[in-house]
Amino acid sequence: MKGMNNNSAKIPHVTIDSDSDSDSEGFVEELPRVNFTSNGKAASGSLKTGGKTSSLSKGDAGKGGNTYISGKGGKGSASTAVSAKSDAELKLELDVPPNSRILMNCEVAELLQEIHEHMAILSEDPKIKIPESFDKAFQYAKEGNHFSTAQSVKQVLDPLKKYGVSDGEICLIANIGPETIEEVYALVPSLKATRSFNQGPIMEAITALTNIKVPK
Amino acid sequence: MFFHIVLERNMQLHPRHFGPHLRDKLVSKLIKDVEGTCSGRHGFVVAITGVEDIGKGLIREGTGYVTFPVKYQCVVFRPFKGEILEAVVTMVNKMGFFAEAGPVQIFVSNHLIPDDMEFQSGDVPNYTTSDGSVKIQKDSEVRLKIIGTRVDATEIFCIGTIKDDFLGVISDPGAAM
């Protein structure tokens, strides 16, 4: 099933300073108004959404990123059409720390599985407490892993680097486990810029990923 | 998103720990102090995977403690704006719902939930479509996009949306099919 994102507004890039541990960092409230499209039907029925694609007209604009701050507006409020960055077009603002490597959920699941096995032995000692965040992250990585092995996912997705797909985007594709090319471009909008260049390889990658997906 | 990162920390050790197992004591203390913590800069430290280097200890004047610079590798989890996550709903109210993705809490305001989903109060508060076919309640799995992150010294909190294409409920515990 296709998502219908008809937003053609030019998107000013919004960044936040993510280097600071400062208490004063807040949400990015300064997002301009957002053009909402109704939530489209998701790929192949695996996602259930509110789904009435016609319930909002294309010109309808909620007060976008501000709504969760102001607590008002958005629902059914028709505002003038503005050039705005919609949440749909919000690109991944990845700030990769130095000395670090991005990990896909499948890689993390395997890594944490090994650590978990060691911890099972250590946890017999009552003085050693396994942190709650470890369990939560382990559970999250296991459940978010759609594939049989991390190595097979890397083999499928690494060739996309030649077509300008960044590590963050590759990781996002692996974590999403998309079923269609439209799903990829809807959820990773930064890839749209070079669609003519990367569409073919991404489609091949999706087909290959489907073959190594583990049914849940 | 998860990262494998090298971090450095100054560990202080009391002289009573000095001896043939000093390194093991340092590593245990490092694990105890660091695993499970959250920093605004790196996110949640999920697990330490290895110790790269332990530098020379420096005796602190007046206390007798020794400070060792320790370089270690760890897995961290940090959410980013624009990231797509699959989260589990933990609480639903008329303002929206809270969900958890790993150690991170995400709030989805009712303004960022599709308009044809209405809040239903009751024993099991939920958001449901008019035809009842799609429901968001506690323990439902949803795919959402992070649209804002709030970072302070020890916590990361996120705002998400499900009001875009290919976002929404993945599965719910009492699915009305």
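List of remarks:
- Cross-link pairs beyond the 29 Å C-alpha cut-off, checked among A:213/B:94; B:81/B:138; A:162/A:213: A:213/B:94
- Relative contact order of the stretch B:84-176, pairs being alpha-carbon contacts under 8 Å that are 6 or more residues apart, as %: 30
- Estimated from the Cβ-Cβ distance and a Förster radius of 35 angstrom, the FRET efficiency linking residue B:150 and residue A:212 is about 0.45.
- Charge dipole of chain B about the Cα centre (unit charges at C-beta), most positive-ward option of B:65, B:88, B:4: B:65
- Taking other C-beta atoms within 10 angstrom as a stand-in for reagent exposure, B:11, A:203 fall in the order A:203, B:11, fewest first.
- Furthest towards positive pole of dipole, B:42, B:140, B:121, structure part chain B, Cβ charges: B:42
- Each Cα pair under 8 Å and six or more residues apart adds its sequence gap; the mean of these over the residue count of the stretch B:2-77 is a relative contact order of 46 percent.
- Violating pairs (Cα-Cα greater than 30 angstrom) within the set A:154/B:56; A:136/B:71; A:142/B:56: A:154/B:56; A:142/B:56
- Relative to the current alpha-carbon distance between residue B:67 and residue B:123, full extension at 0.36 nm per residue lengthens the span by 14.7 nm.
- For the stretch A:170-216, the Kirkwood estimate of hydrodynamic radius, built from reciprocal distances between every pair of different alpha carbons, is 10.9 Å.
- Fewest-first ranking of B:4, A:146, using other Cβ atoms within 10 Å as the exposure measure: B:4, A:146
- Choice from B:153, B:99, B:87 with maximal GNM fluctuation in chain B (Cα, 10 Å cutoff): B:153
- Annotation: the residues B:21, A:116, sorted from fewest to most other C-beta atoms within 10 Å of their own C-beta, follow the order B:21, A:116.
- Helix B:22-34 and the longest principal axis of the Cα set of chain B meet at an angle near 30°.
- Estimated FRET transfer efficiency when R0 is 35 angstrom, pair residue B:131-residue A:118 (beta carbons, to 0.05): 0.10
Only the coordinates and a few stated rules stand behind these numbers; no lab work does. What you are looking at is a predicted structure, and each value in this text was computed from that prediction instead of being measured. So basically every Cβ, Gly included, is an ideal-geometry build from the backbone, and we count neighbours across all protein chains shown.
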